[in-house]
Amino acid sequence: MGGAQTKMKIRDIRAVGLRGETPEGGWSEEIEHEDCVHTLVAVLTDEGITGFGSAYTNDGLVKASLAVLAPSTWVRARSSPSG
């Protein structure tokens, strides 16, 4: 128990908007093909652990929120999880 503890650190947060058609019976009359109403979020850590979540809003709002809320040293809003 006497050893030094280290804390896991967030290395990056990435947000990717989902675009495309809605399922039949969905909002096909209200949502355009290019509209984004869902965003996937990936949180990457320095220990190799990645957490995933989603937001029921467009990717522009999620990326803007991340830029305001998070320290610039670990957040770089990106357009895709791969880079």
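Quick test of your reading of the structure: LEU66 fulfils all but one of (1) at pLDDT 90 or above; (2) assigned to a helix (DSSP H, G or I). Name the failing condition by number.
(1)
Starting from residues that are modelled with pLDDT of 75 or more and polar (S, T, N, Q), keep the ones in region 1-45 and report whichever is surrounded by the most Cβ atoms within 10 Å (Cβ to Cβ).
Applying the filter and picking the extreme gives THR39.
With GLY60, GLY48 as the choices, which residue is at pLDDT 90 or above and in a loop (DSSP other than H, G, I, E, B)?
GLY48
The values are calculated or read from the model by the stated rules, or taken from the named source; none is laboratory data. This structure is a prediction, so every number in the text was calculated from the model and none was measured. Note that each Cβ is placed from the backbone with ideal geometry, even for glycine, and that neighbours are counted across all protein chains shown.
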